[in-house]
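Scroll down for the structure; my scribbles are underneath it.
The values are calculated or read from the model by the stated rules, or taken from the named source; none is laboratory data. Quick caveat, the model's predicted, so the values are computed rather than measured. All Cβ positions, glycine included, derive from the backbone under ideal geometry; neighbour counts span all protein chains shown. Side chains are part of the model used for accessible areas, which takes the heavy atoms of the whole protein and leaves out ligands, DNA and RNA. Shrake-Rupley method; radii C 1.70, N 1.55, O 1.52, S 1.80 Å.
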Amino acid sequence: MSLKHLVDFNDITTDEWFGLQKLATEIKSRPADFADYCKGKLLATLFYEPSTRTMLSFQTAMYRLGGSVIGFDNPGNSSVAKGENLKDTITIISSYADIIAMRHPKEGAALAASLYTDKPFINAGDGGHFHPTQTLTDLFTITEDKGRISGLSIGLCGDLKHGRTVHSLLRALCMFGQNTFYLVSTLSLKLPQYIIDTLKQNGNTVYEVSSLEECIDKLDILYMTRIQKERFASEEQYRQQSGQYILDTEKMAMARKDLSVLHPLPRVDEITESVDFDPRALYFKQAKNGMFIRMALIIKMLENDCDRTADIYNLMDVSKTHVCPNPACITRTENYLPALTNDIKGPRPGQSCKYCDFRIN
């Protein structure tokens, strides 16, 4: 595996994905064979915002591989509370750990952190931007259940604007063939246009609809998401959007017999508990699969003895910094970061911030 860091799922080649899938399947079927694979290795889990599944999944994965874990799950209990910047935290932790997994509320924080470490770095979620290891989990679960990840009819429902799991999954699926997507959301929570453009440019069919009833009978996969309270500026704005989409037994009765229901979890009220007993509900199996695919990822990234120092020095021209217009971007708070942009191709060419993908011109 040639991967230096996993910031975005699209950092992985298709061959590397199939290698990870194969290894995760082997680990799932023969876990005892991998019990000492990471003996003597140390994983740092740096969680700047709350997490249950992702953090515990990473920690359990490392322990089951025979390794150890350090880190924090509350920045208030670290030097961050004293004003330490992200660069310094990552640089120090890199001198202790063999591999790092980080979750951060700012979009682009994962790329920013990866610039300052010579150890394998894994994005465990950066704001509403990306969540690549959840994408690995989703693809692994879909492949197990459907035997393929293309030629499917896939519905995504809920908070598609802030949903980093949705953003990562859609970009990843573009790598493996064409699908038909039904995007179910309110106008305020619709999928960002740049991702819709990416889907269409890669030959996918995209429908934007306002209710589950409009499409549930057409779906092979239904990917439910919660309305993310922590992404709203006020309680009132959150309440205006919450409770809009609820999957219950009545809606499940309208669906195909072979529908697969996924959810990155946690759920709030968007799936009723009665659906848990439906064999088409795969979200708890999906969560368990996350441990196996993260075990495979840790193994592969620790095996890769590539040079991870080049980016630190080649990209550090502190005379050229920028502050992205996206208020959620990491450049708004870490003002030492180098100016990095991507070229936007297609009918509306321009540039986007490399950290958070926000269009800047």
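Tabulated data
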{"read-out": "For the chain, fraction of C-alpha pairs farther apart than 34 Å, in %", "value": "24"}
{"read-out": "Under the Karplus curve 6.51 cos²θ - 1.76 cosθ + 1.60, θ = phi - 60°, whole-Hz ³J(HN,Hα) for region 342-352, x wherever Gly or Pro sits", "value": "10, 7, 9, 9, x, x, 10, x, x, 9, 10"}
{"read-out": "Spatially proximal lysines relative to K161 (Cα-Cα < 19 Å; intrachain offsets below 8 disregarded)", "value": "K106, K190, K200, K229, K354"}
{"read-out": "Cα→Cβ-extended label distance, 7 Å offset, between N77 and T333, nm", "value": "1.9"}
{"read-out": "Solvent-accessible surface (1.4 angstrom probe) belonging to F9, in square angstrom, nearest 10", "value": "0"}
{"read-out": "Solvent exposure ordering (accessible area, 1.4 Å, most first) of S153, S2, S79", "value": "S2, S79, S153"}
{"read-out": "Alpha-carbon centroid distance for the pair region 129-157 / region 240-279, whole angstrom", "value": "17"}
{"read-out": "Axial C-alpha extent at least 18 Å, average Kyte-Doolittle at least 1.6 - helices from the chain (DSSP)", "value": "none"}
{"read-out": "Carbon and sulfur %, accessible surface of the chain computed with the full protein complex present, 1.4 Å", "value": "49"}
{"read-out": "Leading residue at positive end of dipole, the chain (Cβ point charges), from N326, A339, S78", "value": "A339"}
{"read-out": "K22 paired with T205, simple spin-label distance in nm, labels 7 Å along Cα-to-beta-carbon", "value": "3.4"}
{"read-out": "³J(HN,Hα), Karplus 6.51/-1.76/1.60, whole Hz, each residue of region 207-219, x for Gly, Pro", "value": "10, 9, 10, 9, 8, 5, 4, 6, 9, 4, 6, 9, 9"}
{"read-out": "Cysteines having no other Cys beta carbon under 4.7 Å from their own, within the chain", "value": "C38, C157, C174, C215, C306"}
{"read-out": "Accessible area (Å², 1.4 Å probe, nearest 10) - S150", "value": "40"}
